1. Using +1 at the Cβ of each Lys and Arg and -1 at the Cβ of each Asp and Glu in the range 166-321, identify which of Leu256, Val229, Cys299 lies farthest towards the dipole's positive end.
2. In debye, nearest 20: dipole of the range 224-335 around its Cα centre with unit charges on the Cβ of K, R (+) and D, E (-)?
3. Taking the convex hull of the Cα atoms, report for the range 1-147 its projected area averaged over all directions, in nm².
4. So which lysines can Lys92 reach, going by Cα to Cα under 24 Å and dropping same-chain residues fewer than 8 places off?
5. Just how far, in whole angstrom, is the range 294-335 from the range 133-155 if you go by their alpha carbon centroids?
6. Compute the angle between helix 147-165 and the longest alpha-carbon principal axis of the chain, please, reported from 0 to 90 degrees and rounded to the nearest 10.
7. Using Cα atoms only, what is the angle between the long axis of helix 11-22 and the major principal axis of the chain, expressed in degrees (0 to 90) to the nearest 10?
8. For the range 40-108, what is the charge dipole size about the Cα centre, in debye to the nearest 20, if Lys and Arg each add +1 at the Cβ and Asp and Glu each add -1 at the Cβ?
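Taken together, the values in this text are just the output of simple stated rules run on the coordinates, not laboratory data. Keep in mind it's a predicted model, so treat the numbers as computed, not measured. Ideal geometry is used to build each Cβ from the backbone, glycine not excepted, and the neighbour counts take in all protein chains shown.
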Amino acid sequence: MNILLTGGAGYIGSHAAVALASAGHQIVVFDNFCNSRPTVVDQIRALTGQPIPVVEADLRDTAVLLGALTTHGIGAVVHFAGLKAVGESVAKPIEYYANNVQGTISLLQAMQAKGLKTLVFSSSATVYGDPQYLPIDEAHPTAATNPYGRTKLHIEEMLADVARADPQWRIARLRYFNPVGAHESGLIGEDPNGIPNNLMPYIARVAAGQLPHLNVFGNDYDTPDGTGVRDYIHVVDLAQGHVAAVRYLLEHAPGLYTFNLGTGQGYSVLEMVRAFEAVAGRPLPFTIAPRRPGDIASCFAKVDLAASALGWRATLGLKEMCESTWRFQQRAAGL
Ligand code: NAD
Ligand code: WQD
């Protein structure tokens with residue numbers, strides 16, 4: 001199958017590209033590189049041994065999308081492209097709605113025009129809002145608490161309407177929990193611009209000496225050690241989840257499917273710090289800072305549906321998450 005990966009040069013898209021190519025698919029990357037670099041595609045080529053065509057364009061350019069779908073004989077789309085920084089979305093909501101929602105409308109229009117109806121969408125556990133119970137299953141009520149989350153919810157709802165209107169669509173909405181880690185080669189990984197917002201890249205930069213210390217946002221939550229608990233999932237496991245989702249869509253009746261992709265296991269901020277210290281073999285300075293506005297105490301997934309339907313489960317643990325992050329970070333920092 002020829003598969004178009006929107007945002008295929010990004011953190012998760014690049015790992016999914018490698019996994020999908022290794023599973024025998026022909027991958028085409030569609031990306032405007034607003035949050036990634038063209039050199040990532042060279043790394044994907046090196047890891048897969050495939051030529052990997054690239055279309056450099058904005059998702060909102062429907063004409064270019066139409067051309068790409070035709071030229072490359074695309075049979076399915078995995079849609080990663082979007083902006084993802086929660087804080088930035090609060091400051092720049094119009095940019096977020098334009099990029100994420102308008103971009104997805106453009107993609108759906110192009111797919112519809114070509115009669116192409118197989119789509120995997122990168123959603124997020126953020127659509128569950130403040131958890132009402134744990135672990136969170138797919139039936140948990142949805143509620144977004146920031147503009148980024150609302151773009152994801154809008155898109156999820158649009159996809160449900162599309163599937164209702166035309167029962168030939170095959171759509172998987174994948175709700176990722178907290179993706180971390182990197183490919184074992186250290187060639188691709190998460191390399192955010194500026195100061196990282198997320199815990200794991202921040203820890204990695206502290207360990208590499210690029211940032212002085214970690215701020216632990218709150219130690220008075222109702223959790224075993226008082227710090228926030230999250231369901232961190234290795235990006236390579238997550239990438240395999242996309243291979244399983246594509247296979248599922250092709251083998252099952254058309255319709256709309258929704259899956260949590262997590263491990264089902266929560267770790268606290270301090271557990272993450274300790275695990276990284278053990279792998280890097282150096283202490284990680286941290287200070288306890290006030291709670292970050294909008295943060296919740298705990299969030300982790302119920303993963304039974306993906307296991308039973310997709311036959312997929314995360315297999316890599318915290319040690320592999322930290323080791324691969326550290327390998328990638330050392331390479332990126334030239335250590
Ligand atoms: P990323 O920023 O590394 O990758 C996104 C890619 O999309 C980048 O290469 C960027 O250049 C590209 N892009 C953005 N807007 C575009 C546009 N209008 N046209 C063309 N290309 C565009 O992010 P990621 O971490 O790989 O996330 C991928 C997807 O998964 C996103 O939709 C994100 O919301 C979702 N997600 C991410 C996380 C996470 O913690 N990383 C968690 C849940 C969901
Ligand atoms: C994890 C834990 C922080 C940074 C975000 C998005 C979510 C999804 C995944 C896209 C929390 C603590 C963090 C730091 C800290 N993305 N922390 N010091 O907030 O669970 O989820 O990324 O869909 O939508 O909201 O992830 O990595 O930012 O935080 O103490 O410098 O680490 O308070 O407990 P989060 P995170």
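1. So the residue we want is Leu256.
2. Roughly 240 debye, rounded to the nearest 20.
3. 9.5
4. Qualifying lysines at Cα under 24 Å: Lys84, Lys152.
5. Here the answer is 20 Å between Cα centres.
6. Helix 147-165 and the main axis of the chain meet at about 30 degrees.
7. Relative to the chain, helix 11-22 is tipped by roughly 60 degrees.
8. 140
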